[in-house]
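**Q** Take this structure first; my questions come after.
The values are calculated or read from the model by the stated rules, or taken from the named source; none is laboratory data. Bear in mind the structure is a predicted one, so any value in this text is a computation, not a measurement. Reconstructed Cβ throughout: ideal geometry from the backbone, glycine too, with neighbour counts over all protein chains shown. Note: areas computed on protein heavy atoms with side chains; ligands, DNA, RNA excluded. Shrake-Rupley method; radii C 1.70, N 1.55, O 1.52, S 1.80 Å.
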Amino acid sequence: MNVLPLLPDETIYSFLARLRVYSGSYNHRSASLLWFEQYGLSLDQKLATHLAYFSAQTNFPVEQLLNEHTYYPLFSLAGHEPKKLKKVMLTGPSYRLGNYAKISQSGLKALSKDKYCLSCIEADKEKYGVAYWHLSHQFTGIQSCHIHNTLLICTPPSSRVYSLPPQAISSSDAPASDLQRFFTSYVLEVNESAKSQKRNDLLLDKNNLNALVRQKGFMSNDSISMQCLIAAISNITVRLFNNDVFTEHVVRNLIRKPYYACHPLKLILFRFALEQLPDIAAQEHLQLLKPIDKDKKREKQCLLLLQGGELNFTEIARRISCSIGYVIKLAKQENIAYLKRTQFISADTEKRILMRLVKGDARDVIAREEQVSVSSVEKICGEHYQLSEWRQYLRALGKRDKYRIEMRSVLKKHSFSTRAEIKTMYPACYMWLYKYDTQWLYLHLPPASYRSK
Ligand SMILES: [Zn+2]
């Protein structure tokens with residue numbers, strides 16, 4: 001049959017939508033009968049079924065369809081029966097797809113919309129005369145266009161009525177965040193590599209994950225500090241999706257079972273989030289956390305009071321104006337005995353408080369919402385190894401993002417100013433970045449000018 005070409009990075013669904021528009025003569029139900037031998041077939045943008053029949057009708061090779069126009073490579077990594085998945089994608093029945101591809105997970109519904117990029121729409125119309133659905137935009141959790149680095153627009157999927165994205169647009173693009181951009185390229189890279197490599201070779205197996213968990217400081221001896229790990233992973237996930245994806249059950253399985261079958265988003269996101277965290281080595285030497293003279297002086301004062309043994313921790317904290325957690329940490333470090341807290345806090349509450357501390361929530365907010373005292377929260381914080389350093393690090397990251405955004409808009413606004421002028425106009429922002437984020441700052445500032453006398 002003489003058909004249209006499949007466009008680069010186009011989904012099968014999109015191709016059907018175009019066929020329908022161009023032919024103008026048949027509705028979507030008969031279109032699916034004609035091309036898939038199925039009346040009213042439901043088509044997912046990421047995967048498709050009955051591709052063997054479709055391939056025979058169109059002369060597109062089956063392997064090309066699977067690898068270039070669906071996410072078969074990625075989904076074949078995450079399930080434990082890639083051969084069965086392939087068979088379903090070739091010959092159906094489509095109700096089995098959810099089973100082998102693990103796509104029918106209600107928790108991920110909000111992330112599985114049909115998506116398009118406004119700049120791609122313009123570019124595609126220019127080049128091909130039509131705006132179409134790109135496969136690279138459709139994977140669950142992808143929120144940015146890898147070509148334009150813009151935020152994608154979401155629409156509810158209509159899997160039985162094959163329709164194209166809007167052909168005329170009136171709004172303009174918004175830029176995606178760094179984290180969203182990193183995640184998009186990460187997913188697309190794994191999908192690309194999955195065409196030729198297995199799950200183990202892609203560092204997604206148990207041994208490699210364990211090594212990574214250790215490298216990031218969540219494993220001492222052979223036990224994993226699961227609560228900290230889950231909270232840290234959730235923190236990245238929430239920053240990415242405003243929504244958590246992982247349960248403790250899933251994280252445990254991902255770490256312990258070499259071929260745990262789950263939605264590929266979880267498999268990839270888990271590793272992605274781990275990689276975003278600083279290495280334990282970097283955590284210790286982090287520039288942001290180096291004690292400055294003021295801190296050393298405070299430490300000395302605090303130690304003196306502790307060794308004096310006359311004051312309780314609350315009083316010491318008040319006198320040198322630091323948190324109780326800080327006093328406890330120092331006491332532990334110096335092996336100074338102290339009384340455990342007296343307010344009764346159930347194990348559940350403590351676990352919740354711990355999670356929120358790791359996520360970086362403010363201590364007084366946690367105390368208010370969990371109905372405990374601020375000092376109880378601080379005590380829990382002080383009792384966990386490196387937790388307060390971790391929180392400092394999170395705060396520093398937040399500050400860094402804020403100043404980077406500010407500096408970006410400053411540089412846009414004053415594109416003809418010199419470094420010195422920018423420093424004079426925005427001293428706080430400039431100095432913070434200069435001190436803690438030097439590389440980034442110099443990469444973005446206008447080139448230094450060397451004037452002769
Ligand atoms: Zn784009």
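**Q** State all residues of the range 143-158 that are surrounded by 23 or more Cβ atoms within 10 Å (Cβ to Cβ) and either among the polar types (S, T, N, Q) or more than 10 Å from the ligand (Cβ to nearest atom) (or both); if no residue qualifies, say none.
**A** Of everything in the range 143-158, just one residue is surrounded by 23 or more Cβ atoms within 10 Å (Cβ to Cβ) and either among the polar types (S, T, N, Q) or more than 10 Å from the ligand (Cβ to nearest atom) (or both), namely 144.
**Q** Could we say that residue 186 is away from the ligand (no atom under 13 Å from the Cβ), of a type in the set (Phe, Trp, Tyr) and open to solvent by less than 60 Å² (accessible area, probe 1.4 Å) here?
**A** Answer is yes for this residue.
**Q** Further question on the same structure: What are the residues in the range 159-176 that are more than 15 Å from the chain's Cα centre (by Cα) and either crowded, with 19+ Cβ neighbours inside 10 Å or among the basic types (Lys, Arg) (or both), if any?
**A** 160, 162, 165
**Q** Quick check, is residue 115 modelled with pLDDT of 95 or more, of a type in the set (D, E, K, R) and within 15 Å of the ligand (Cβ to nearest atom)?
**A** Against the criterion (modelled with pLDDT of 95 or more, of a type in the set (D, E, K, R) and within 15 Å of the ligand (Cβ to nearest atom)), residue 115 qualifies.
**Q** Any idea which of (1) in contact (Cβ under 8 Å) with a residue 40 or more places away in the chain; (2) touching a Gly at 6+ places or on another chain (Cβ under 9 Å) is the one residue 92 doesn't satisfy?
**A** For residue 92, the failing item is (2).
**Q** If I go through the range 118-132 residue by residue, how many of them are open to solvent by 30 Å² or more (accessible area, probe 1.4 Å) and more than 8 Å from the ligand (Cβ to nearest atom)?
**A** 6
**Q** Out of 198, 125, 102, report the one residue that is of a type outside the set (Phe, Trp, Tyr) and over 28 Å from residue 252 (Cβ atoms).
**A** 125
**Q** Please identify the pairs in which a residue from the range 199-227 that is open to solvent by 30 Å² or more (accessible area, probe 1.4 Å) has its Cβ atom under 6 Å from the Cβ atom of a residue that is aromatic (Phe, Trp, Tyr), counting only partners at least 6 apart or on another chain.
**A** 224/218; 225/218
**Q** Moving to a separate point now. Against the definition (outside any strand (DSSP E or B) and either within 18 Å of residue 185 (Cα to Cα) or open to solvent by 40 Å² or more (accessible area, probe 1.4 Å) (or both)), how does residue 98 come out, yes or no? Lay out the reasoning, then the answer.
**A** Values: outside any strand (DSSP E or B): yes; either within 18 Å of residue 185 (Cα to Cα) or open to solvent by 40 Å² or more (accessible area, probe 1.4 Å) (or both): no.
Spelling it out, it is not the case that residue 98 is outside any strand (DSSP E or B) and either within 18 Å of residue 185 (Cα to Cα) or open to solvent by 40 Å² or more (accessible area, probe 1.4 Å) (or both).
**Q** Look at residue 135 and say whether it is over 23 Å from residue 238 (Cβ atoms) and either within 16 Å of the ligand (Cβ to nearest atom) or loosely packed, with under 14 Cβ neighbours inside 10 Å (or both).
**A** yes
**Q** Among the residues of the range 1-14, what is the count of those that are more than 19 Å from residue 191 (Cβ to Cβ) and touching a residue at least 24 places away in the same chain (Cβ under 8 Å)?
**A** Initial filter on the range 1-14 (more than 19 Å from residue 191 (Cβ to Cβ)): 1-5.
Going one step further and asking which of them are touching a residue at least 24 places away in the same chain (Cβ under 8 Å), we end up with 1, 3.
Of the residues in that region, 2 qualify.
Okay, residues lined up against (1) in contact with a Leu (Cβ under 9 Å, 6 or more places away or on another chain); (2) crowded, with 16+ Cβ neighbours inside 10 Å; (3) at pLDDT 85 or above:
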{"position": "235", "(1), (2), (3)": "yes, yes, no"}
{"position": "240", "(1), (2), (3)": "yes, yes, yes"}
{"position": "258", "(1), (2), (3)": "no, no, no"}
{"position": "269", "(1), (2), (3)": "yes, yes, yes"}
{"position": "281", "(1), (2), (3)": "no, no, no"}
{"position": "296", "(1), (2), (3)": "no, no, no"}
{"position": "305", "(1), (2), (3)": "yes, yes, yes"}
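**Q** Give me the residue from the range 189-198 that is within 19 Å of the chain's Cα centre (by Cα) and open to solvent by less than 60 Å² (accessible area, probe 1.4 Å) and, out of that set, nearest to residue 47 (Cα to Cα).
**A** Filtering first and then ranking leaves 191.
**Q** For residues that are without any contact (Cβ under 8 Å) to a residue 24 or more places away in the chain and in a helix (DSSP H, G or I), scanning just the range 33-52, find the one that is most open to solvent (accessible area, probe 1.4 Å).
**A** Among those residues, the one meeting the criterion is 33.
**Q** Every residue in the range 7-28 that is open to solvent by less than 10 Å² (accessible area, probe 1.4 Å), not in a helix (DSSP H, G or I) and not charged (D, E, K, R), please.
**A** 11
**Q** State which residue pairs qualify: first residue of a type in the set (Gly, Ala, Ser) and inside the range 110-133, second residue part of a helix (DSSP H, G or I) in any location, beta carbons under 6 Å apart, and separation of 6 or more residues or different chains.
**A** Listed by first residue and then by second, the contacts come to 131/121; 131/124; 131/125.
**Q** Identify, by number, the condition in (1) aliphatic (A, V, I, L, M); (2) surrounded by 19 or more Cβ atoms within 10 Å (Cβ to Cβ); (3) within 16 Å of the ligand (Cβ to nearest atom) that residue 88 doesn't meet.
**A** (3)
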